[in-house]
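The values are calculated or read from the model by the stated rules, or taken from the named source; none is laboratory data. If you're wondering where the values come from, they're calculated on a predicted model, not measured in any experiment. Note: ideal-geometry Cβ built from the backbone for every residue, glycine included; neighbour counts use all protein chains shown.
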Amino acid sequence: MSKDNNIKNIFLIGTTGSGVSTLGNVLVNKDGNFEEVFKTERGLTSITNEIETAEFEKNGIRYRVIDTPGYLNANLTLQQWAKKMSEAFQAAPEGINQILFVFKSVRFSKEQVELYNFLKLIDKNINQYITVVATKFESFKNRKKCQENYEDLKDETKVNSEIASIFREVHGLIMVDNSSEKKSKEKSREKLINHLVANCQDNFQLINVQGGKKLADKNKSKVILIFFIMAFILGLLGIFSVRQREKAKKSRPLSKQVVR
Ligand SMILES: Nc1nc2c(ncn2[C@@H]2O[C@H](COP(=O)(O)OP(=O)(O)OP(=O)(O)O)[C@@H](O)[C@H]2O)c(=O)[nH]1
Ligand SMILES: [Mg+2]
């Protein structure tokens, strides 16, 4: 993809089913009616399996929204998912304007921490360009409640130290509710765009931390190597979790499975 210096790249990254593509549709707001640009569904399997992009314009600024397969996607192995993520970063030669790190506002938990650590492996300064977005947050219009929740997530007496440090170092937290109601989507979009316009004007090039050099062609091989190492680690984690599950299955008494 050729470089376009007048565009800002917004990455949508999150665990599968957390509302990643829906957030993309809210940002793009096709035909002023939130028509679907990125496929979304309420089902039980993962929907987004490929990198997809769409653009929108606000106040003369063009934004490219990059939708990605969710972490723990049901159709991709961890290695395949990691490869797709590297493709996603290649789809933005201008750099990263912002990563919207999406999670469904039930609880910020282990899966989100794993995904965050994966991003930090790519570049240790990436946190400065990450805004966490909590979807399905019904009180998202209540400023006080949003602020209180943000403070709690930074507080080691309320969450574990790993989560607290994530929320202390990211660029921000935005609560939204992209429910089917148009009014909710409009308000969510307003919050997101205000944040992007007011706080996110720089473009960030991925840096190879050791070399301190930009992600240019000469560093491509190093980046590919990092991705292979990450894919290998993720693969080991996958084997480990399958073994653990098998172990747990063996130790469980036989009973009929029930689906409610
Ligand atoms: N009420 C409510 N529903 C939401 C919200 N965000 C997403 N949903 C619903 O959650 C379901 C999954 O949303 P998607 O946007 O497809 O999720 P995703 O993270 O892209 O999922 P995959 O592509 O499958 O990994 C859809 O039925 C959405 O309508 C939200 O903020 N509020
Ligand atoms: Mg999706």
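For region 51-89, residues that are within 15 Å of Val20 (Cβ to Cβ), of a type in the set (Gly, Ala, Ser) and assigned to a helix (DSSP H, G or I) total 1. Among the residues of region 78-115, the ones that are under 29 Å from Tyr150 (Cα atoms), in contact with an Asp or Glu (Cβ under 9 Å, 6 or more places away or on another chain) and free of Cβ contacts under 8 Å to residues at least 60 places away in the same chain come to 1 in all.
Which members of region 116-138 meet the condition of being within 12 Å of ligand 1 (Cβ to nearest atom) and either buried (at least 18 other Cβ atoms within 10 Å of the Cβ) or modelled with pLDDT of 95 or more (or both)? Across region 116-138, the qualifying residues are Val133, Ala134, Thr135, Lys136, Phe137.
Within region 1-47, which residues are of a type in the set (D, E, K, R) and either within 9 Å of ligand 2 (Cβ to nearest atom) or crowded, with 19+ Cβ neighbours inside 10 Å (or both)? Walk me through it before giving the result.
Here is the first cut: in region 1-47, the residues of a type in the set (D, E, K, R) are 3-4, 8, 30-31, 35-36, 39, 41-42.
Matches in region 1-47: Lys8, Lys39, Glu41.
Among the residues making up region 159-185, those that are assigned to a helix (DSSP H, G or I) and either surrounded by 14 or more Cβ atoms within 10 Å (Cβ to Cβ) or within 16 Å of ligand 2 (Cβ to nearest atom) (or both) are Ile163, Ala164, Ser165, Ile166, Phe167, Glu169, Ser184, Lys185.
May I ask you to verify whether Glu156 is of a type in the set (Asp, Glu) and either in contact (Cβ under 8 Å) with a residue 24 or more places away in the chain or not in a helix (DSSP H, G or I) (or both)? It is true that Glu156 is of a type in the set (Asp, Glu) and either in contact (Cβ under 8 Å) with a residue 24 or more places away in the chain or not in a helix (DSSP H, G or I) (or both).
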